[in-house]
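Enquirer: Can you read through this structure? Questions will come right after.
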Amino acid sequence: MGQQIDVNHLNIYYGSFLAVEDVNLHIAANKVTAFIGPSGCGKSTVLRTLDRMHEITPGAHVTGEVLLEGKNLYAKDVDPVAVRRDVGMVFQRPNPFPTMSIRQNVLAGVRLNNKKIAKSDADDLVEWALRGANLWNEVKDRLDNPGIGLSGGQQQRLCIARTVAVHPQVLLMDEPCSALDPISTLAVEDLIEELKSDYTIVIVTHNMQQAARVADYTAFFNLKAVGQPGHLEYFADTSTMFNNPQNEEAERYVSGRFG
Amino acid sequence: MGQQIDVNHLNIYYGSFLAVEDVNLHIAANKVTAFIGPSGCGKSTVLRTLDRMHEITPGAHVTGEVLLEGKNLYAKDVDPVAVRRDVGMVFQRPNPFPTMSIRQNVLAGVRLNNKKIAKSDADDLVEWALRGANLWNEVKDRLDNPGIGLSGGQQQRLCIARTVAVHPQVLLMDEPCSALDPISTLAVEDLIEELKSDYTIVIVTHNMQQAARVADYTAFFNLKAVGQPGHLEYFADTSTMFNNPQNEEAERYVSGRFG
Amino acid sequence: ACGDNVDPGHRPSTNAASISGSFAGAGASSQQTAVEAWIAGYQKTNPDAKISYNPSGSGAGVVTFLTGATVWAGSDKPLDDRQIEESKQVCAGQTAFDVPVYISPLAIVFNLHGVSDAGKHINMDAATVARIFDGKITRWNDAALARQNPDLELPDLPITVVHRSDKSGTTLNFLEYVKAAAPKDWKYELSENWPNDVGQGAKGTSGVISTIDQANGTIGYADFSQAGGMGTVAIKVGDGYTEISAEAASKAVADSALDESAAGEHRVVLDINHTTSAEGAYPIVLVSYDIACPAYRDENTARFAKSWLGYVTSAKGQDQAMKATGSAPLPDNIAAYVRASVDAMEVK
Amino acid sequence: MDQPQSSPKADQAPAIDFDKFSPTRSYTAARKRKDIAMRVLIILAFVVALIPLISVLWTTLVHGARRLNWDFLSHNMTNVIGGNQTPSGGYGGILHAIIGTLEITLGAMVISIPIGIMCAVYLIEYAGGSKLARTIHLLVDVMSGIPSIVAGLFAYSMFAILVGPGTLSGFEGSVALSLLMIPTVVKTTEEMLKIVPNDLREASLALGVTKQRTITKVVLRTALSGIVSGSILAIARVIGETAPLLMTAGYIVSTNANLFSGEMTTLPVYVYQEYSKYHANCPADAGSGCVTGIPMERAWSAALVLIIVVLILNLIGRIVAKVFAPKKK
Amino acid sequence: MTSASKPSSTSASSLTKPVSGEKADRVFRGVAYACGILILVVLAAVALFLLFRAWPLIGGNQQANNAIIANFTGGKATNFWSYVGPLLFGTVLVAALALVIAFFVSIGIALFISHYAPKRLAAVLSYIVDILAAIPSVIYGLWGGLVLVPAIYPFWNWVAEHLGWIPLFAGPAANPPRTVATVALVLAIMILPIITSITRDIFLQTPKLLEEAALGLGATKWEMIRLSVLPFARSGIISASMLGLGRALGETMAVLMILSPGLKYSFRLLQASQNQTIAANIAAQYPEADSIGVSVLIGTGLVLFVITFLVNLLARRITEKASK
Ligand SMILES: Nc1ncnc2c1ncn2[C@@H]1O[C@H](COP(=O)(O)OP(=O)(O)OP(=O)(O)O)[C@@H](O)[C@H]1O
Ligand SMILES: Nc1ncnc2c1ncn2[C@@H]1O[C@H](COP(=O)(O)OP(=O)(O)OP(=O)(O)O)[C@@H](O)[C@H]1O
Ligand SMILES: [Mg+2]
Ligand SMILES: [Mg+2]
Ligand SMILES: O=P([O-])([O-])[O-]
């Protein structure tokens, strides 16, 4: 089961540059929340603070809180490695490990946590994760082939399988379909729909149709000008966001009048 | 005064790949001829055969004739270097020589060819060429500053000045404005309008409005499919091309229905 | 020339007979310091002669000499028959000759805390030397050593033998002594290469010295001029033990004969008497030769060669070398032979 | 998170007990320890590598500074007898070695920089990706791995065969060094030519400039700073070579300014020769001015000069690369 | 259109008139081509000149040759191959050991620079590594022979006492330790910068995406490096190591000034007079070699040339394959 996330007064910095300002946001468990907004407004940046990936950029840091089921991810005693195990992430461009087979890719994260896994357990897990990622039927005969031999869409689903195999509570996806063709995009969108019964999902997308299709809630980020910090402009459930937004900027954005 | 060009049965190859097939084309002296067409159809390729720049790509060659005032550029006894002195070229991205000042850039064609030129003659030439390129007033106080210190639009006009300074008969321009902002584009378009009294101009453009604005004649290139050779689909004076084309593909293209 | 170390006040006057030109020699590195001293001395009277010496090694020196690229060669080893034959090409039809110019005592140096650093010598007879260098005596408190050195407190410490790793005239001369004086304890053939696998090898005399410097319990052999402040072995000669010194070495050489088997004109090849019992003689010596032609094609070269060798073997020259390196001057009896050979050099 | 997990498609997929895969607390701790251990090891690797560097530099500085003075720099080794002082109050010096080093290195530069640059020009500007070019490129790489002693043997053999046996001269040393230098020059020039935008070549050609002038006046001119800095680094590399010069340029105590005739001493060879002397003799009657350990002191001082020269060359190379690089937009 | 009048055009153009500079163009092209070819010629010349000089020994009367070798080596070897054999063995042993030592340290430093150190520090460190590379080998020889040798004896002695049961470390440790172990250490320091700078560049090129993939799965930093960085850099690491190996194979002065040589097929790293390398042997024996002795040495140099040629060729091949 997924977990909920509460973001309180989050300011996000790259060095001394305040990239995103004062975000307050509730991400509901077992729902899909989409982040939309013009380029540079900080969607990816906010997403990456939710599993502390933000920190790996030198100089990057945050102030404020991100609570996962009430527990602050940024508390002193929290290990970012543990956070990333609970909060999985899928990236814009598929990134399977190039030297690993499909099977090894799926097991990569699990192997980190536990060296001794029985072969049969591993087999089960691989099947489960690949089925979960809607990829099993396409690859079951060639699990030992290299992961990068797959098509882009398959690779992206393989990355999703790899992520779900470590059994996170939350799945973060940063424009997971932007490098994919329409058919692969559809496959991934279907998958998101199915995954949300088990995970809390946050997805960044440039494609408003996609947000409208897959998200339960939508957060609209904006920025006043280039060089200014981005901020959360408007948050609503998806149908309100696209049909009847109570925010002028959001309305202009979703109707395609800017951005 | 500009010279006219006749292209007869020109086939253009990259190695063994036939990139453009059987082009027959008359380019009128002291007029602006625009090349339009979908990406990859061979506009740039054809343009580059007109001053034998095509040949510098290893393996590239042509069959057929290109006649400059009746003299075949591809005749055995013609030196491509001489051709390029008669037929100048301006490129898509402005490319002033980074080690040279504005003044040196303008004189590059003369100086690089080891021609001795008196200082006063050189001054005259620089002023003449920069005025010709509508740049004189903007740079006359800083002729010794580096050429790459200028803005994109200024750089492009500097490149034009550099080209006209060698007194070519024909000016070829490959999408000269595609890297420029609208205001710089306008400046260059104005310049083309003025230059055509002295030169024959051929311009490749993606921007149909631009072709309509500046060209007297327009050649529409097309290709049947990717990997197939491009060809000249339709040639007409510009008003015909955009208002009443006698070719179905051209009509679809200029009306924005494909490409 | 530029940067030369000359006394600006004392510009020597050039006499009419002085030699001018550039002359090169090459060969034994053992002679290097002596040659530098000779060059300095020679140039006092012949300031226009520019002389260089490349201490490239005896072998290379002879090779270069035989190509005609150098006027003379320094060598720790006399010429062999083949080389004598070959020399006709560069010696205007005659054969080259060798004369001893540099006689230096070879020290057996050691580093033993409590002995060498206290400035004390250690006594050894030839058999002990041979057995140490053959790895038969391996500890400093060996009975043979203790017996000969009742006054020393010898530690129970392994002996590390240090020998030359490169081909070397020093090795050859040292082994000549060992083989002659302790034939029963030294079975190896004479060679410029160290014959056994005992201990450590080091490149050049400097390598030997620095290796010995670096560890307690080491012993090796080196040209006396390089022995610096290190401990040296006193060698049993007759009934006593002789400490190393130039005079002692000179005595041993004076007690030696010429090697009559050396074929060729004007050659002065020494057959050192390593088993001398002359009192106060030190029998381990390195004899280094100069190799030159009795006649040269070029007159200026010939004049130089004759005057150079004359100077080098003169009492003045030998004294100069002794000051610079601690070498032993040529004993009078030998010097007479040498002078005869030099006098016979032709100057067209 | 502990309950057995049903899959999204429970009907087909195996049921997974995630407890089996979840990390034990001790394992998590072990991973953390390993992470820290590796971090420590990696930092340690660095510190360990620093020790010899500091030791080398420090030793050279301490030992070398003692005799490094103007007298040392302005005299050669003529008339230096044993450990005695020279008339100028010094103990000889390295003037001849500095001159030798400069001339021999200059000779190597004159040979290898034009050849190296022209070879790179051929590879990048003319040959395209032809098979010959690829072969040459590969061989250039391979050539950069030739041991310096082999380069020395080569020059020695070549001169012995072509000029005559026993020939030693500064120029012979230059030839040996060029063998080591050419590949470096070719490679850096190649890199520099590659990053000259093709636009510039086309711009120049389109002005009706011949290819030769395009290359010399536009392409090489634009790449100049990179080529200069690469060449300086190449010089820095060969200026410290010893072994090939021992057998080609020989050794001499006086100043020989003629690169083409007579032996020449270079700084590294000087260091080695002084090291080979180790001790100098001081006769009993020598005054307190006689120093037994002078050869080693000279060796260290010359080594210090050599290091300073090499470091300065490196620094200049870098500065040239940085400062004179064509400004990017 | 313009207020400045058009300066008179030089002349009416004619396409067939010879273009100025055409000849220079051809000459330049020819020179460039010649310089390219020169590389081939030079490499061939190296092999040929060496072969020519070594030929009296390799070809010619076998019996006479063996006598020469026996004479030259003082009876330690009886024919050319029994002379080169141990030298080659020593060369490879010393270089391989140096590589083993340098390998891990280099990778550590490279990782430190690329993934651990702050940016500023990393830049400084990179520079320091380059300084290490620039120090001439004769200075390493001085330092190794005079400073390191006496200083490191206690360590080798400790190794011999505690790890002596491993044949490699069989005691007693030579004192002074002018041994293969010490030489390998110095060579390791000398090849360290080569390996470091190449691997560092490759580590820095690791796609961010791959690193984030690992971190996103909950990998620690080290696990990220193992999962993403090292596999990505594998071929680069291999070829960098080969280059380092090539360098170590040919190093002369440091070996010459430190090692107590021997002509054995021996793995006793801590004992003196066991092995010798080809390069150092040439430098050591060259001065006392007569012309036939020089031929012997040039023969060994030829063997060294071939070995380093092959190692470098292999390294480049690996790089080339990886970059495809
Ligand atoms: N590594 C970084 N270092 C410094 N600033 C950064 C970095 N990454 C992003 N930024 C800045 O942070 C702000 C937000 O960037 P971010 O990538 O989060 O925007 P985004 O909404 O995801 O844009 P896009 O839709 O283009 O992906 C921008 O101003 C960007 O320039
Ligand atoms: N250097 C080259 N080598 C091989 N093929 C080339 C090369 N340059 C262009 N082509 C091929 O020639 C064909 C025509 O390309 P060209 O660049 O002339 O098209 P274009 O009409 O100018 O396109 P665009 O509008 O994108 O500039 C294409 O199929 C292209 O792939
Ligand atoms: Mg983003
Ligand atoms: Mg184009
Ligand atoms: O002078 P050596 O032959 O002993 O080097």
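The values are calculated or read from the model by the stated rules, or taken from the named source; none is laboratory data. Please read all numbers here as calculations on a predicted model, not as lab measurements. Methodologically, a virtual Cβ is constructed for each residue, glycine included, from the backbone with ideal geometry; neighbour enumeration extends over all protein chains shown. Areas reflect the complete protein model, heavy atoms only, side chains present, ligands, DNA and RNA absent. Shrake-Rupley method; radii C 1.70, N 1.55, O 1.52, S 1.80 Å.
Enquirer: At a probe of 1.4 Å, how much accessible area disappears from chains D and B on forming the pair, both sides counted, to the nearest 100 Å²? Walk me through the intermediate numbers first.
Expert: Values: alone 19240 and 11740 Å², together 28900 Å².
Summed over both sides, the interface buries about 2100 Å².
Enquirer: May I ask you to evaluate 6.51 cos²θ - 1.76 cosθ + 1.60, the Karplus curve with θ = phi - 60°, for each residue of the stretch A:205-217 and list the ³J(HN,Hα) values in order in whole Hz, giving x for glycine and proline?
Expert: Coupling constants for the stretch A:205-217: 8, 8, 9, 5, 4, 5, 4, 4, 6, 9, 8, 8, 10 Hz.
Enquirer: Something else: Taking every pair of distinct Cα atoms and averaging 1/r, then inverting, what Kirkwood hydrodynamic radius in Å comes out for chain A?
Expert: In chain A this quantity evaluates to 18.8 Å.
Enquirer: Sum -39500 (n - 2.57) across every DSSP H segment of at least 4 residues in chain D, then divide by the residue count to get the 222 nm mean residue ellipticity, nearest 500.
Expert: Calculated at 222 nm, the ellipticity per residue is -20500 deg cm²/dmol.
Enquirer: Would you tell me the mean number of C-beta atoms belonging to other protein chains that fall within 10 Å of each C-beta in C:186-193, as a whole number?
Expert: On the way: counts 0, 0, 2, 2, 1, 5, 3, 8.
The mean count of partner-chain Cβ atoms within 10 Å per residue comes to 3.
Enquirer: On to the next question. What number comes out for the charge environment of C:V109, summing +1 per Lys or Arg and -1 per Asp or Glu over other residues with Cβ under 11 Å away? Walk me through the intermediate numbers first.
Expert: Working: positive: none; negative: C:D213, C:D223.
Once all neighbours under 11 Å are counted, the net charge is -2.
Enquirer: Strictly greater than 36 Å: what percent of every Cα pair in chain C meets that?
Expert: Of the Cα pairs, 23 percent sit more than 36 Å apart.
Enquirer: A further question on this structure: For chain D, with a Gaussian network of springs between Cα atoms less than 10 Å apart, report the residue from D:N256, D:N79, D:N198 with the top mean-square fluctuation.
Expert: D:N198
Enquirer: For the stretch A:5-255, with all protein chains present and a 1.4 Å probe, just round the carbon and sulfur fraction of the accessible area to a whole percent.
Expert: On the way: 4550 of 9440 Å².
After summing per-atom areas, the C and S share lands at 48 percent.
Enquirer: Follow-up. Strictly over 27 Å apart at the Cα level, which of C:K306/D:K277; D:K32/E:K119; E:K119/E:K321 would you flag in this model?
Expert: C:K306/D:K277; E:K119/E:K321
Enquirer: Using only the Cα atoms, work out Rg/Rh for the stretch C:64-190, with Rh taken as the Kirkwood radius, to two decimals.
Expert: 1.13
Enquirer: I've got another one for you. Applying a 10 Å radius around every beta-carbon, put D:137-145, C:206-214 in order of their mean neighbour count, most first.
Expert: Those peptides, ordered most packed to least, come out C:206-214, D:137-145.
Enquirer: Let me cross-check B:E21: its accessible surface, 1.4 Å probe, with only protein heavy atoms counted, in Å² to the nearest 10?
Expert: 70
Enquirer: Residue-wise, which Karplus ³J(HN,Hα) couplings in Hz belong to the stretch C:214-225, taking 6.51 cos²θ - 1.76 cosθ + 1.60, θ = phi - 60°, and x for glycine or proline?
Expert: 7, 9, 6, x, 9, 8, x, 10, 7, 3, 4, 5
Enquirer: Give, as ranges by residue number, the residues of the stretch D:269-307 whose backbone N falls under 18 Å from the point 7 Å along Cα→Cβ of C:S245.
Expert: Within reach of a label on C:S245: D:282-286.
Enquirer: Shifting gears a bit: What is the mean number of Cβ atoms from other protein chains located within 10 Å of the Cβ atom of each residue in peptide E:269-281, rounded to a whole number?
Expert: Average per residue, whole number: 3.
Enquirer: Who wins for biggest fluctuation among B:G42, B:G109, B:G88 in a Gaussian network model of chain B, springs between alpha carbons below 10 Å?
Expert: B:G109
Enquirer: Here's another thing I want to ask about it. Can you give the angle from 0 to 90° between the axis of helix A:119-132 and the longest principal axis of chain A, with both taken from C-alpha atoms, to the nearest 10?
Expert: 40
Enquirer: Add -39500 (n - 2.57) for each DSSP H run of 4 or more in chain B, then divide by its residues: what number comes out at 222 nm, to the nearest 500 deg cm²/dmol? Write down the numbers at each step before the final one.
Expert: Values: 10 runs with 90 residues, N = 259.
Value at 222 nm, helices only, nearest 500: -10000 deg cm²/dmol.
Enquirer: In nm, one decimal, shortest first: how far is the label point of A:N72 (7 Å from Cα along Cα to beta carbon) from the matching points in the other copies?
Expert: 8.4
Enquirer: Could you state the accessible area per residue of the protein assembly as shown in Å², with a 1.4 Å probe and every protein chain left in place?
Expert: Using a 1.4 Å probe on heavy atoms only, each residue of the protein assembly as shown averages 38 Å².
Enquirer: A further question follows. Keeping the other protein chains in place, figure out the carbon and sulfur percent of the accessible area of chain D, with a 1.4 Å probe.
Expert: 67
Enquirer: Would you kindly calculate the translational diffusion coefficient of the stretch D:26-65, applying Stokes-Einstein with the Kirkwood radius from alpha carbon pairs, for 20 °C and a viscosity of 1.002 mPa s, and quote it in µm² s⁻¹ without decimals? Could you put the intermediate results ahead of the total?
Expert: Details: Rh = 12.2 Å.
The diffusion coefficient I find is 176 µm²/s.
Enquirer: Cα gyration tensor of the stretch C:1-152, axes a ≥ b ≥ c as square roots of the eigenvalues: rounded (a/c below 1.5), prolate (a/b > b/c) or oblate?
Expert: Verdict is oblate for the stretch C:1-152.
Enquirer: Using a label point 7 angstrom from Cα along Cα-to-C-beta, what distances in nm, from shortest up, separate B:A28 from the other copies?
Expert: 6.9
Enquirer: Mind jotting down the three principal axis lengths of the stretch D:102-149 based on Cα atoms? Whole angstrom, largest first.
Expert: Here the spans come out as 38, 23, 9 Å, largest first.
Enquirer: Show that you can apply the helix-only estimate: for chain C, add -39,500 (n - 2.57) for every DSSP H stretch of four or more residues, divide by all residues, and state [θ] at 222 nm to the nearest 500.
Expert: Theoretical 222 nm ellipticity from helices: -10000 deg cm²/dmol.
Enquirer: Same structure, new question: Ignoring solvent entirely, what values of log10 I(q)/I(0) come out of the Debye formula for the stretch E:177-237 at 0.20, 0.23, 0.25, 0.26 Å⁻¹ when each Cα is a single scatterer?
Expert: Listed by q, the Debye log ratios stand at -0.75, -0.85, -0.93, -0.97.
Enquirer: Rounded if a/c is under 1.5, else prolate if a/b beats b/c, else oblate: with a ≥ b ≥ c from the C-alpha gyration tensor eigenvalues square-rooted, which is the stretch D:1-158? Spell out each step's value before the answer.
Expert: Working: a/c = 5.36, a/b = 1.82, b/c = 2.94.
Here the stretch D:1-158 falls in the oblate category.
Enquirer: Let me ask something else about it. Can you work out the Karplus-derived ³J(HN,Hα) for every residue in the stretch C:126-131? Use 6.51 cos²θ - 1.76 cosθ + 1.60 with θ = phi - 60°, whole Hz, and x for glycine or proline.
Expert: 4, 5, 5, 4, 4, 6
Enquirer: What net charge do the residues around A:G152 carry, taking every other residue with its C-beta under 12 Å from that of A:G152, with Lys and Arg at +1 and Asp and Glu at -1? Could the numbers behind the result be given before it?
Expert: Numbers: positive: A:R93, A:R157; negative: A:D181.
My count for the surroundings of A:G152 gives +1.
Enquirer: With the alpha-carbon atoms as the only input, what is the per residue convex hull volume for the stretch C:233-288 in Å³?
Expert: In the stretch C:233-288, the Cα convex hull volume per residue is 76 Å³.
Enquirer: Just to confirm the number: angle between the C-alpha axis of helix A:152-165 and the first principal axis of chain A, 0 to 90 degrees, nearest 10?
Expert: 90
Enquirer: Relative to 2.2 N^0.38 Å, what does the C-alpha radius of gyration of the stretch D:188-269 come to as a ratio? Two decimals please. Intermediate results must be reported in sequence, preceding the final value.
Expert: Working: Rg = 19.8 Å, N = 82, 2.2 N^0.38 = 11.7 Å.
Ratio of Cα Rg to 2.2 N^0.38 Å: 1.69.
Enquirer: Working from Cα positions, state the angle (0 to 90°, nearest 10) between the long axis of helix C:315-325 and the longest principal axis of chain C.
Expert: Helix C:315-325 sits roughly 50 degrees off the main axis of chain C.
Enquirer: Under a 1.4 angstrom probe, counting protein chains only, how are A:D51, C:D117 ranked by accessible area, largest first?
Expert: The residues order as C:D117, A:D51, largest area first.
Enquirer: Between rounded, prolate and oblate, where does the stretch B:140-259 land on the alpha carbon gyration tensor, with a ≥ b ≥ c its root eigenvalues, rounded for a/c under 1.5, else prolate if a/b exceeds b/c?
Expert: prolate
Enquirer: Okay, next question. Assuming a viscosity of 1.567 mPa s and a temperature of 4 °C, what translational diffusion coefficient in µm² per second does Stokes-Einstein assign to chain E, Rh being the Kirkwood radius over Cα pairs?
Expert: 55
Enquirer: Over the residues of the stretch A:90-158, compute the C-alpha Rg and express it relative to 2.2 N^0.38 Å.
Expert: Compared with the compact-globule rule of thumb, the stretch A:90-158 sits at 1.03.
Enquirer: For chain E, which DSSP H helices look membrane-span-like by this rule: Cα extent along the axis of 18 Å or more and mean Kyte-Doolittle of at least 0.5? Let's see the in-between values first.
Expert: Numbers: long enough: E:22-58 (52 Å, 1.50); E:80-111 (45 Å, 2.19); E:119-134 (23 Å, 1.38); E:149-163 (20 Å, 0.44); E:180-205 (36 Å, 1.88); E:230-250 (30 Å, 0.94); E:291-323 (47 Å, 1.38).
TM-like helix candidates: E:22-58, E:80-111, E:119-134, E:180-205, E:230-250, E:291-323.
Enquirer: Right, something else. With chain B treated as a Gaussian network of Cα nodes joined by springs under 10 Å, which of B:V87, B:V139, B:V46 yields the largest mean-square fluctuation?
Expert: Of B:V87, B:V139, B:V46, the most mobile in the Gaussian network model is B:V139.
Enquirer: For the stretch C:247-303 and the stretch E:256-287, write down the distance between their C-alpha centroids in whole Å.
Expert: Here the two parts' Cα centres lie 34 Å apart.
Enquirer: Which net charge results when you count Lys and Arg as +1 and Asp and Glu as -1 among the other residues whose beta-carbon is under 14 Å from that of C:G280?
Expert: -3
Enquirer: Using the structure shown, list the pairs from A:K119/E:K208; A:K76/D:K20; C:K77/E:K76; C:K179/C:K236 with a Cα-Cα distance above 25 Å, or answer none. Display every interim value, and only then the final one.
Expert: Values: A:K119/E:K208 31 Å; A:K76/D:K20 29 Å; C:K77/E:K76 21 Å; C:K179/C:K236 15 Å.
Flagged as over cut-off: A:K119/E:K208; A:K76/D:K20.
Enquirer: Per residue of B:80-90, how many C-beta atoms from partner chains lie within 10 Å of its own C-beta, taken as a mean?
Expert: Going residue by residue through B:80-90 and averaging, the value is 6.
Enquirer: For the protein assembly as shown, give the share of DSSP beta bridges that are antiparallel, in percent and rounded to the nearest 5; count only bridges with both residues there. All intermediate terms of the calculation are to be shown ahead of the outcome.
Expert: Working: 77 of 133 bridges.
Given both bridge residues lie in the protein assembly as shown, the antiparallel proportion sits at roughly 60 percent.
Enquirer: Need one number: buried accessible surface between chains E and D, 1.4 Å probe, both sides summed, DNA, RNA and ligands left out, in Å² to 100. Numbers along the way, then the final one.
Expert: Values: alone 18640 and 19240 Å², together 30880 Å².
The E and D chains share an interface burying roughly 7000 Å².
Enquirer: For the protein assembly as shown, what value does the Rg/Rh ratio take when both radii are computed over Cα atoms and Rh is the Kirkwood radius, given to two decimals?
Expert: Checking Rg against Rh, the ratio lands at 1.07.
Enquirer: Could you tell me the extents of the stretch C:104-261's C-alpha atoms along the three principal axes, largest first, rounded to whole Å?
Expert: Principal extents (Cα only, largest first): 47, 34, 30 Å.
Enquirer: Now for a separate question. When each pair of different Cα atoms in the stretch B:45-193 is counted once in the 1/r mean, what is the Kirkwood radius in angstroms, to one decimal? Write down the numbers at each step before the final one.
Expert: On the way: mean 1/r = 0.0621 Å⁻¹.
Kirkwood hydrodynamic radius for the stretch B:45-193: 16.1 Å.
Enquirer: Using only the alpha-carbon atoms of the stretch A:205-246, report the extent along each of the three principal axes, biggest first, to the nearest angstrom.
Expert: 32, 20, 13
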